[in-house]
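**Q** Sharing a structure with you now.
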Amino acid sequence: MHPGVRGLVCAALLALPIAAAPAWAQRALTIGAQTPPSALDPHYHNTQNNNQVARMVFEPLFELDTKAQFQPRLARSMRPVDDLTWEVKLNTAARFHDGTPFEAEDVAFTFARVPTVPNSPALFTPQVRSIASIEVVDPETILLRTREPNPLMRYDMSGPVILSRTIHGPNPQTADFNSGRLMLGTGPYRFVSWQQGERLELASNAAWHGGPVEPWDRVLYRFIPQPGARTAALLAGEVDLIDYVPVQDVPRLEKDRRFALFQIDSITFVYLAPDAMRETSPFVTDRQGKPLPANPLADRRVRQALSLAIPRQQIAERLYSGLASPADQFAAPVAEHRLEGLGPLPHDPARARALLAEAGFGQGFRLTLHGPNGFFPSDDNLLQAIAQGFSRIGIEAQVQTLPPANLFTRATNRDFSLFMTYFSSYLSLNPLRQVVMTRDAERGHGPFNRQRYSNPEVDHPLAAALTTMDEAKRKALTQQASRALLEDMGVIPVINLRNVWAGRRDRVVYEPSPPNHTEPRLARPPG
């Protein structure tokens, strides 16, 4: 796809020195972003880089702000009528970008589409899984009736963005969003142009119902996966703001008064997903490269050994210069209902070697570790550090990095033995249901469970927690599932990330986002 002439002209003007730019360019923002969306279809891939773009053009019913508070968008309010019924008051002042009114029937149309998007690496199905029916009471009121109690309903309603049954119906295709034809939402920005993998241009929606109008007339995302190139673009004045500031560039930017850093502890945690459920695994062999008769990753002791081999504290201090912390569990440090009182997961190579021997792999084996390149800061270096830790316990580990879109497509196809990724959530229950609960497409469980992990000791308390409205009981059940997962090392937590942006002091002030969203709504001109 090629950007429109208008988008190219805007990009060219934005690249001019400030002194030479016309007056309107002072209200333009150019963002150097690391990861491009894999598609513009807002329901195609539930991942941070896709969602941050989708929510400029489209809107959910509610949205979580940077303080984890629910803010109304296409809904004004929501309340439980009983354990199986939620009343939602809608914002009927909202209009789609072509003037089409937002209507109650659009919610039902959207939620029916969510589980059906073809070829999706990860759907939003968990957010609509419990809804049995949607009743339109009047133009401003709908009742969401659930099959079972859903304590996460308000959180779920901040997930999928709403389409119009009039504009997008009856069967919208991902290609029609990618072409721009269906990029009509109710959000604060209008779609202008997209060049896949390179740039996206948006324009302020002067008629946005959420007012006041955004301070930026034009927003240009330039997608720059290479960390050094992103910093160079900022230093050269080609962009106003960059995300995922490379760790090694933070000290230099801190000392340069032309730039400001914006930092916050994130809700993002990095983990490894082992292929624990198959008898054989594609990237595990003996030390001579021959197939093994049994998959070592299916043995809990081997997974525990892998965890013990990772020098998390050293990684956080040396590789990330303190811009990360060692993980203690499969949840963000601020996540609701996380396990309490845990220290960082231990680093004990001697114990790891003993566990390998106990499991019958005292001679070690070969393993390929897959992961992204350009998905979060120093991700490729982190993979190398983990591999070095494995080598110290007798596992010959080699690393293969892939572009994020390719990685997740292949991971969904179960192509890997062990791969690295991350998850972001203010809750402990949400990543558990999305990543490690036994995969069930009909109920929406485990859409990110790419290795098909399945553990009844995790599933049973999770299933109960997902239908328990009493918070104290839900917390106990969530922690029971978390503890079972940690003991089994069904996934291997690695580090928690700190989010860092850098911007030109004369151009932008940024409100840092715990989920690591890079959005023009969080940016404003200085002064």
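The values are calculated or read from the model by the stated rules, or taken from the named source; none is laboratory data. As the structure is a computational prediction, the values presented were derived from the model and not from experiment. Here the Cβ positions follow ideal geometry from the backbone for every residue, glycine too, while neighbour counts run over all protein chains shown. The area values use the complete protein model at the heavy-atom level, side chains included, leaving out ligands, DNA and RNA. Shrake-Rupley method; radii C 1.70, N 1.55, O 1.52, S 1.80 Å.
**Q** Enter the Cα centre distance for the pair the stretch 405-457 and the stretch 160-201, rounded to the nearest angstrom.
**A** Between the Cα centre of the stretch 405-457 and that of the stretch 160-201, the gap is 27 Å.
**Q** Taking only C-alpha pairs under 8 Å that are 6+ residues apart, what is the relative contact order of the stretch 44-162 in percent?
**A** 32 percent
**Q** Would you mind checking which residues have amide H under 5 Å from residue 63's amide H? H placed 1.01 Å from N; only 5 or more apart, or other chain.
**A** Residues meeting the criterion, in which the H sits 1.01 Å from N, are 71, 73.
**Q** Oh, and also: Under 5 Å between amide hydrogens, which residues at least 5 positions from residue 509 or on another chain qualify, with H placed 1.01 Å from N in the peptide plane?
**A** Counting only residues 5 or more places away or on other chains, the set is 524.
**Q** Could you give the size of the charge dipole of the stretch 93-172 about its Cα centre, using +1 on the Cβ of each K and R and -1 on the Cβ of each D and E, expressed in debye and rounded to the nearest 20?
**A** 300 debye
**Q** What is the Rg over Rh value, at two decimals, for the chain, using alpha-carbon atoms and the Kirkwood definition of Rh?
**A** 0.97
**Q** On to the next question. Only helical DSSP H runs with n ≥ 4 go in: add -39500 (n - 2.57) per run for the chain, normalise by residue count and round the 222 nm mean residue ellipticity to 500 deg cm²/dmol.
**A** Result for the chain, helices only: -7000 deg cm²/dmol.
**Q** Please give the helix 349-358 orientation as an angle from the longest Cα principal axis of the chain, in degrees from 0 to 90, rounded to the nearest 10.
**A** 60 degrees
**Q** Can you tell me the relative contact order of the chain? Whole percent, Cα pairs under 8 Å, sequence separation 6 or more.
**A** 19 percent
**Q** Something else about it: Taking only Cα atoms, what is the 0 to 90° angle, nearest 10, from helix 456-465's long axis to the longest principal axis of the chain?
**A** With both axes taken from Cα atoms, the answer is about 30 degrees.
**Q** State the answer as a single residue: which of 491, 448, 42 lies farthest towards the positive end of the charge dipole of the chain, with beta carbon charges of +1 for Lys and Arg and -1 for Asp and Glu, about the Cα centre.
**A** Positive-most Cα among the choices belongs to 491.
**Q** Along the positive direction of the dipole of the stretch 216-373 (beta-carbon charges: Lys, Arg +1; Asp, Glu -1; about the Cα centre), which of 276, 292, 310 reaches farthest?
**A** Of the listed residues, the answer is 292.
**Q** Applying the Karplus parametrisation 6.51 cos²θ - 1.76 cosθ + 1.60 with θ = phi - 60° to the phi angles of the stretch 56-64, what ³J(HN,Hα) value in whole Hz is obtained for each residue in order, glycine and proline being reported as x?
**A** So the J values, rounded to whole Hz, are 7, 9, 10, 9, x, 5, 10, 9, 8.
**Q** Another question, then. Could you go through the stretch 439-450 in sequence order and give the Karplus-derived ³J(HN,Hα) for each residue, using 6.51 cos²θ - 1.76 cosθ + 1.60 with θ = phi - 60°, rounded to whole Hz, and x for Gly and Pro?
**A** 5, 8, 4, 5, 8, x, 7, x, x, 9, 7, 6
**Q** Shape call for the stretch 174-216 from the C-alpha gyration tensor, a ≥ b ≥ c root eigenvalues: rounded (a/c under 1.5), prolate (a/b greater than b/c) or oblate?
**A** Cα axes put the stretch 174-216 in the oblate bin.
**Q** Using only alpha carbon pairs under 8 Å that are at least six residues apart, calculate the relative contact order of the stretch 347-471 and give it in whole percent.
**A** With pairs under 8 Å counted, the relative contact order is 19 percent.
**Q** Now, a different point. So if I place +1 on the C-beta of Lys and Arg and -1 on the C-beta of Asp and Glu, and nothing else carries charge, what would the dipole magnitude of the stretch 31-77 be about its Cα centre? I want it in debye, nearest 20.
**A** With Lys and Arg at +1 and Asp and Glu at -1, about 120 debye.
**Q** Rounded to whole Hz and in sequence order, give me ³J(HN,Hα) for the stretch 520-527 from the Karplus expression 6.51 cos²θ - 1.76 cosθ + 1.60, θ = phi - 60°, writing x for Gly and Pro.
**A** In residue order, the calculated couplings are x, 5, 8, 10, 8, x, x, x Hz.
**Q** In nm, to one decimal, how far is the residue 358 label point from the residue 286 one, both placed 7 Å along Cα→Cβ?
**A** For the pair residue 358/residue 286, the computed spacing is 2.4 nm.
**Q** Pull up the cross-link candidates among the lysines for residue 290, meaning alpha carbon to alpha carbon under 16 Å and not fewer than 8 places away within one chain.
**A** Of all the lysines, none pass the test against residue 290 - Cα under 16 Å, at least 8 places apart if same chain.
**Q** First check a/c for the stretch 92-143, with a ≥ b ≥ c the square roots of the eigenvalues of its C-alpha gyration tensor; if it is under 1.5, answer rounded, and if not, answer prolate when a/b is larger than b/c or oblate otherwise.
**A** oblate
**Q** Moving on. Once the Cα gyration tensor of the stretch 341-397 is diagonalised, what are the square roots of 5 times its eigenvalues, in whole Å and ordered largest first, as equivalent ellipsoid semi-axes?
**A** 24, 17, 8
**Q** Write down the accessible area per residue of the chain in Å², having rolled a 1.4 Å probe over the full set of protein chains.
**A** 38 Å²
**Q** Pull out a ≥ b ≥ c, the square roots of the eigenvalues of the alpha-carbon gyration tensor of the stretch 386-527, then state rounded if a/c is under 1.5, prolate if not and a/b is larger than b/c, and oblate in the remaining case.
**A** oblate
**Q** Using a 1.4 Å probe and ignoring any ligands, DNA or RNA, find the accessible area of residue 347 and quote it in Å² to the nearest 10.
**A** Only protein atoms counted, so the area is about 90 Å².
**Q** When the dipole is taken about the Cα centre of the stretch 112-214, and only Lys, Arg (+1) and Asp, Glu (-1) are charged at their Cβ, what size is it in debye, to the nearest 20?
**A** That gives the stretch 112-214 a dipole magnitude of about 220 debye.
**Q** In the stretch 292-383, what GluC sites (Glu not before Pro) fall in a loop by DSSP, with at most 13 other Cβ atoms inside 10 Å?
**A** Counting only loop positions with at most 13 other Cβ atoms within 10 Å, the GluC sites (Glu not before Pro) in the stretch 292-383 are 340.
**Q** Give, to the nearest whole percent, the P(r) tail of the stretch 277-334 beyond 15 angstrom, counting all Cα pairs.
**A** 65 percent
**Q** Which listed residue (171, 28, 341) has the Cα farthest towards the positive end of the charge dipole for the chain, taking +1 on Lys and Arg C-beta and -1 on Asp and Glu C-beta about the Cα centre?
**A** Positive-most Cα among the choices belongs to 28.
**Q** Let me ask something else about it. Extending each Cα 7 Å along its Cβ direction at residue 415 and residue 95, get the distance between those two points in nm, one decimal.
**A** 4.6 nm
**Q** Under 5 Å between amide H atoms, partner at least 5 residues away or on a different chain: which partners does residue 277 have, H built in plane at 1.01 Å?
**A** Answer set, sorted by chain and number: none.
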